[in-house]
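K.L.:
Structure incoming, see below.
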Amino acid sequence: EADIVNKLPLRGKRILITAGPTYEAIDPVRFIGNHSSGKMGYDIALRAAQLGASVVLVSGPSHCKVNHSGIQLVSVVAAQEMYEACHTYYSQVDVAIAAAAVADYKPKTIASQKIKKSDTEFSIELEKTKDILASLGAVKTTQFLIGFALETENEIENAKLKIQKKNLDLIVLNSLQDEGAGFQKDTNKVTFIDKNFTIESMELKSKEAVANDIINKVITYFNA
Ligand code: CTP
Ligand code: CA
């Protein structure tokens, strides 16, 4: 029994994870999206499930595959759908990890027919999407809440602001400094900053290894 507990330190724990991009429709055939592959979130989900957690993986469009019975995949497309799915499960989970690259803006209206080209300039009016992570932080009770941050300047300061603004317990700052890190890559270089602003810079490593580091933070939290 002790052996099983040691090998499956997340047994009985429920974890909500967001992954992938969101697609915000412009008309029936076009959208605003981004290059997120979803890999980081799927790797975190797999590691958590391997260690015994029950995972709800809320994912935007991604080619990544789910290959573990401990992962329930909830597929969504737009930020609003991702928001609703997250709030459906949030009250039942112990941990939430927001790895999705959610679109910050969406078209104010979705054209019902394909927009035809014309000889004039064309522009789309955008409005903000809901900040899913901040909305989870705002209704947080006992959940351990982890967010990501992608910054290109004043990285640490901006990440600390996100911890406070979104009521996070831990933020995973993506370093774009490194050629091997980021979107559409298999590697990542991250810095962990916790709510007490303790900073831990990690080496460039595979996303599987980064996922393992993140899940180790969760295990440390449960053992504290
Ligand atoms: N996030 C979210 N919902 C949004 C936007 C972001 O849940 N509408 C989450 C992301 O999943 C990530 C964190 O918030 O965990 C930070 O995302 P990021 O794009 O770095 O920050 P933003 O708050 O969107 O601010 P900005 O893009 O202006 O830096
Ligand atoms: Ca953003």
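The values are calculated or read from the model by the stated rules, or taken from the named source; none is laboratory data. Computed from a prediction, not measured in an experiment: that's the story for all the values here. Because the Cβ atoms are built from the backbone with ideal geometry, glycine has one as well, and the counts that use them run over all protein chains shown.
K.L.:
Listed residues TYR89, TYR105, TYR23; which is buried (at least 19 other Cβ atoms within 10 Å of the Cβ) and aromatic (Phe, Trp, Tyr)?
P.N.:
On the way: TYR89 fails: buried (at least 19 other Cβ atoms within 10 Å of the Cβ); TYR105 fails: buried (at least 19 other Cβ atoms within 10 Å of the Cβ).
Answer to the check: TYR23.
K.L.:
Counting only residues that are more than 10 Å from ligand 1 (Cβ to nearest atom) and of a type outside the set (Asp, Glu), which one in region 146-170 is modelled with the lowest pLDDT? So that I can check it myself, show each step before the final result.
P.N.:
Residues of region 146-170 that are more than 10 Å from ligand 1 (Cβ to nearest atom), as a first pass: 153-157, 160, 163-164, 167, 169-170.
Within this subset, residues satisfying the condition of being of a type outside the set (Asp, Glu) are 154, 156, 160, 163-164, 167, 170.
Values: ASN154: 94, ILE156: 97, LYS160: 98, ILE163: 98, GLN164: 98, ASN167: 98, LEU170: 98.
Ranking the qualifying residues of region 146-170, first place goes to ASN154.
K.L.:
Is it the case that ALA134 is farther than 14 Å from PRO21 by Cα, under 15 Å from the mean Cα position of the chain (by Cα), of a type outside the set (Asp, Glu) and within 14 Å of ligand 2 (Cβ to nearest atom)?
P.N.:
On the way: farther than 14 Å from PRO21 by Cα: yes; under 15 Å from the mean Cα position of the chain (by Cα): yes; of a type outside the set (Asp, Glu): yes; within 14 Å of ligand 2 (Cβ to nearest atom): yes.
When the stated conditions are applied, ALA134 passes them.
K.L.:
What number of residues in region 147-177 are of a type in the set (A, V, I, L, M, F, W, C), surrounded by 18 or more Cβ atoms within 10 Å (Cβ to Cβ) and within 16 Å of ligand 2 (Cβ to nearest atom)? Full working, then the answer.
P.N.:
Of region 147-177, the ones of a type in the set (A, V, I, L, M, F, W, C) are 148-150, 156, 159, 161, 163, 168, 170-173, 176.
This time we only want the ones that are surrounded by 18 or more Cβ atoms within 10 Å (Cβ to Cβ), so: 148-149, 159, 163, 168, 170-173.
Applying the additional criterion that residues be within 16 Å of ligand 2 (Cβ to nearest atom) yields 148-149, 159, 163, 168, 171-173.
The total comes to 8.
K.L.:
Name the pairs whose Cβ atoms lie under 7 Å apart, with the first residue in region 144-169 and among the hydroxyl-bearing types (Ser, Thr, Tyr), the second more than 7 Å from ligand 1 (Cβ to nearest atom), and 6 or more positions between them or separate chains?
P.N.:
Partner pairs satisfying both residue conditions: THR152/LEU176.
K.L.:
Right, something else. Scanning region 70-125 for residues that are touching a helix residue (DSSP H, G or I) at 6+ places or on another chain (Cβ under 8 Å), within 16 Å of ligand 1 (Cβ to nearest atom) and not aliphatic (A, V, I, L, M), which turns out nearest to THR220 (Cα to Cα)?
P.N.:
Among those that are touching a helix residue (DSSP H, G or I) at 6+ places or on another chain (Cβ under 8 Å), within 16 Å of ligand 1 (Cβ to nearest atom) and not aliphatic (A, V, I, L, M), it is TYR90.
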